[in-house]
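Single-structure report; data block below.
Throughout, read-outs are computed from the coordinates displayed, never taken from laboratory work. These numbers come from a predicted model, not from an experiment. Counting neighbours? That spans all protein chains shown, and the Cβs are built from the backbone with ideal geometry, glycine included.
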Protein chains: 2
Amino acid sequence: MKQNTTFALRGNLLDGTSPTQIHFLDNYYLVCENGQVAGIFPRLPQKYAGLQVENWEGRLIIPGLVDLHTHAPQYPFRGLGMDLELLDWLNARTFPEESRYADPAYAQRAYQLFVEDLKSSATTRACIFATVHPEGTLLLMRLLEATGMVTRVGKVNMDRNCPEGLRELSAEASLAATRKWLEGCVGFSHTRPILTPRFIPSCSDPLLEGLSALQRETGLPVQSHLSENPSEVEWVRQLCPDAIGYGDAYLRRGLLGGLGCPTIMAHCVYSDAAERRLLREQGVWVAHCPQSNTNLTSGIAPARAFLEEGVPMGLGSDLAGGHTLSILRAIADTVQVSKLRWRLQDSAYRPLTFPEAFWLATAGGGSFFGRVGRLQPGYAFDVVVLDDSAYPHPQQLNSLERLERLCYLCSDDRQVVVRKFVEGNPVAGSPPASL
Amino acid sequence: MKQNTTFALRGNLLDGTSPTQIHFLDNYYLVCENGQVAGIFPRLPQKYAGLQVENWEGRLIIPGLVDLHTHAPQYPFRGLGMDLELLDWLNARTFPEESRYADPAYAQRAYQLFVEDLKSSATTRACIFATVHPEGTLLLMRLLEATGMVTRVGKVNMDRNCPEGLRELSAEASLAATRKWLEGCVGFSHTRPILTPRFIPSCSDPLLEGLSALQRETGLPVQSHLSENPSEVEWVRQLCPDAIGYGDAYLRRGLLGGLGCPTIMAHCVYSDAAERRLLREQGVWVAHCPQSNTNLTSGIAPARAFLEEGVPMGLGSDLAGGHTLSILRAIADTVQVSKLRWRLQDSAYRPLTFPEAFWLATAGGGSFFGRVGRLQPGYAFDVVVLDDSAYPHPQQLNSLERLERLCYLCSDDRQVVVRKFVEGNPVAGSPPASL
């Protein structure tokens, strides 16, 4: 669904020009052609004379944010039952709620709330877990397709260690349901499937190996969870005595990335140097989920080490371990928890800066989708316009200060996102009144 | 300014009935008489027949929240420069901004923004640092008085280790300015002064001792900072070789509470068992400021220990170390950081639960002001009505679930507070449309 129209936005452009720097250009023109950024200009060049311009003078214009890890069916219970740790919370909250998505009427009602809020948010692309249910997953995909956002959506696989009713009855049954779901993935132009084994404790070896074969057969990417919580890591150690670690257990089952097998692993809080090296060698994206790792008492991931060692990384909201889908908020959370890691855990650690966290939310996660997450020619025209006028200031702030402040002050994107484009198509908001 | 009118609110009442429990009563009547809660009823008793009722059916009604520690002049730079640690941040951000409040025109403009937002928030009472400037402090007090909230406001004292222009030139000059400010505190009915030595590094011994004498003379309460950050704690150790610790240093200078000397100490992140015992013995309130302690890389205070050991405690937004004045958000932050303390620092620690954090935000901090922070007969009628309809849910949540969720989802109180009363007087919002 590439848009053929050419148009421009005018406003204060902010772009991460490197992992450590954000540049801003006030009241510049950002031109879109064929769904991509065509150029950035202080004044429109002659060749664009008469171009349609949305004039967002003084507003902040940033690359769309990328959510590399979230669970759509958990949206209803975000911010509820937050006094539980991961494995207890899975049993008390997650599994009962996910069971409801066998009912298409419930799935429709609940997914609609998630999709509406995601559409109104600063997120332009996302990688999303659904549930084990093929029909419910397709329903979610159809709702997402209608928004114009670009997403990867996965029917979850799990054939062990979860309640009856939610557990797939065998590896074969799970793989067959996956194929059935994939066959149903037709008519989508920007909503694509992704293979989604929940995590090793939920998936038998035959299931993981079957999904690995399916990945090689179809070329589909994979998303899962890795090294989130000490009790989970210990459980995997017991389940996989063959492996030297959690990451190695995925590797031995053929599900840890590698050439032509793009893969996202969420969390990686307890990835030691060996596991981080494995992730880098296999080109696996880490989805850093600071809010969830706090709420579920998991810990604080070594994001600085991933950055320095060159492991691809983006941010994840991880609903409903995370309580908000706001990646603006995730940027602030990333800085906050990295400070606590330095203070409480590792005095040699260097906390992440705001530009670094912004980079992860844009270009970092965007790289999973290709040339995404920058306001640079050749990148997808995924763009968000932010209005911070609800937060007046007695002095004049520059655009970078305004952006930092907004990431801290906002945890409901709906209050600040006034316009959103994905691949050049308008997804949320309306043109400014002055047009 | 006790209100003489008798009226009632109807809605879903939530009250912390103990530090570990929240009870809720849906669509009950909460009656106000003479600025106090007179009773709670499922139906209005005969003696209240014909009473004026604001019918907030289905909305959440909670005790007003108490902010035990914040800095009004720092509101403009909340969420800015968050990549700095405490002492650097004081020099780079705080002191330059506070210098501006020598100019009454700037103070008026900047304080107005703070006071408007505080008025619209779920906070009904607050203890507030101003700056060293007597006139600016009175100006802030007049703005606060006009809102109807109950506050304690302090002109800051500091005569060392801060920039020229902001530094008071001697202990005598600082004390004289304080007396001048106190003489100006006339015509206030619910805005009262509080003595406010910034912290030991900013105050010479003669100044601290002079303030101690002033406290005994006037009976005024005191607010200051204690054991916030390792570098600050070390600095105080060097400045006060006579003391066995930071708390003891205040004690020896006559400024650590005691009978008839109500005192709030903010942070207390590094208060060891001896210092905590001192705080309990002296009846000092701890203002727990989780967001600030995260942003300024200070650490995580041992809130569980304070609770168990019976040290009075409430929550503080600590602008602009904290980036939002929302105490709803501070409740969620309290739970979050306590989980990280358990995970990263002390495996014997028990994270705080949501009801415990809510208790701190209401009855905990409220106790500093007397019978405040409960929806119980005899308590001040400080009440907030919350509207969570911006967060629809596919199922039916109970009132306690809705309150927990709102604390996690909201960080801008203005989006959810629809009505606020302090001592029975309407402070924000309007009666519901149905009236």
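Observations on the model:
- Rounded tilt (10° steps) of B:134-147 against the dominant C-alpha axis of chain B: 10 degrees
- Here the Debye sum runs over all C-alpha atoms of segment B:53-127 as equal scatterers in vacuum, and log10 of I(q)/I(0) at q = 0.15, 0.19 Å⁻¹ comes out as -0.66, -0.90.
- Applying the Karplus relation 6.51 cos²θ - 1.76 cosθ + 1.60 with θ = phi - 60° to segment A:258-265 yields 3J(HN,Hα) values of x, 4, x, 10, x, 9, 10, 10 Hz, where x marks Gly and Pro.
- Overall form of segment A:344-435 per C-alpha gyration tensor (a/c, 1.5; a/b vs b/c): oblate
- Placing a label point 7 Å from the Cα of A:Glu57 along the Cα-to-Cβ line, the residues of segment A:385-416 whose backbone N sits under 19 Å from it are A:385-390, A:396-399.
- Spread of Cα-to-Cα distances over 10 Å intervals beginning at zero, given as percent, for segment A:336-377: 29, 35, 24, 11, 0
- In a reduced charge model with +1 at each Lys and Arg Cβ and -1 at each Asp and Glu Cβ, segment B:283-435 shows a dipole moment near 100 debye about its Cα centre.
- Relative contact order computed over chain A (Cα-Cα under 8 Å; 6+ residues apart), in percent: 22 percent
- Kirkwood Rh in Å, taken over all unlike Cα pairs in chain B: 21.8 Å
- From its DSSP helices (H runs of at least four residues, each -39,500 (n - 2.57)), chain B gives a residue-normalised ellipticity at 222 nm of -9500 deg cm²/dmol.
- Across segment B:300-349, counting alpha-carbon atoms alone, Rg and Dmax equal 11.7, 32 Å.
- Karplus-derived HN-Hα couplings along segment A:216-225 (A = 6.51, B = -1.76, C = 1.60, θ = phi - 60°), whole Hz, x at Gly and Pro: 5, 5, 9, x, 6, x, 10, 9, 7, 10
- Label-point separation in nm, A:Ala273 to B:Phe41, each point 7 Å along Cα→Cβ: 7.3 nm
- DSSP assigns beta bridges within chain B; of those with both partners inside it, close to 45 percent run antiparallel.
- Dimensionless Rg/Rh of segment B:55-197 - Kirkwood Rh, Rg from C-alpha atoms: 1.01
- Under 5 Å, built H, 5+ apart or other chain: amide partners of A:Leu352: A:Ser338, A:Lys339
- With the convex hull of the Cα atoms taken as the outline of segment B:160-254, the averaged projected area works out to 6.8 nm².
- Taking 7 Å steps out from each Cα toward its Cβ at A:Asp205 and B:Gln396 produces label points 4.9 nm apart.
- Square roots of five times the Cα gyration tensor eigenvalues for segment B:229-314, Å: 19, 18, 11
- Inter-site label distance for A:Val233 and A:Asn27 at 7 Å from Cα along Cβ, in nm: 5.3 nm
- Of B:Gln74, B:Gln238, B:Gln112, the one that fluctuates the most in a GNM where chain B has Cα springs shorter than 10 Å: B:Gln238
- Applied to segment A:316-328, the Karplus parametrisation 6.51 cos²θ - 1.76 cosθ + 1.60 on θ = phi - 60° returns per-residue 3J(HN,Hα) values of x, 7, 6, 3, 9, x, x, 9, 9, 8, 6, 7, 4 Hz, with x for Gly and Pro.
- Considering only segment A:33-190, percent of DSSP beta bridges that pair antiparallel, nearest 5: 10 percent
- Near the amide H of A:Ser317, within less than 5 Å, lie the amide hydrogens of A:Leu68, A:His69, all on another chain or at least 5 residues away, with H placed in the peptide plane.
- Inter-centroid distance (Cα atoms) of segment B:376-405 relative to segment B:187-263, Å: 38 Å
- Note on A:Lys339: lysines with a C-alpha under 23 Å away, same-chain residues under 8 apart excluded, are B:Lys339.
- Take the Kirkwood radius over Cα pairs of the protein assembly as shown, plug it into Stokes-Einstein at 37 °C and 0.692 mPa s, and you get 116 µm²/s for translational diffusion.
- Isotropically averaged projected area of segment A:146-212, using the convex hull of Cα atoms (one quarter of hull area), nm²: 5.0 nm²
- Our estimate of slack between B:Leu113 and B:Ser18, defined as 0.36 nm per intervening residue step minus the Cα-Cα distance, is 30.7 nm.
- Rg/Rh, computed from the Cα trace of segment A:1-64 with Rh as the Kirkwood radius, has the value 0.98.
- Directionally averaged projected area (segment A:290-399, Cα convex hull): 8.9 nm².
- Segment B:34-83: translational diffusion in µm²/s, Stokes-Einstein, Kirkwood Rh over Cα pairs, 37 °C, 0.692 mPa s: 207 µm²/s
- In segment A:1-117, the inverse of the mean reciprocal separation of distinct Cα atoms equals 18.2 Å; this is its Kirkwood hydrodynamic radius.
- Taking amide H positions as modeled 1.01 Å from N, with prolines and chain starts lacking one, the residues under 5 Å from A:Glu33 and 5 or more places away or on another chain are A:Ala38.
- Sites matching trypsin sites (Lys or Arg not before Pro) across segment B:372-433 that sit in DSSP coil, with at most 12 neighbouring C-beta atoms within 10 Å: none
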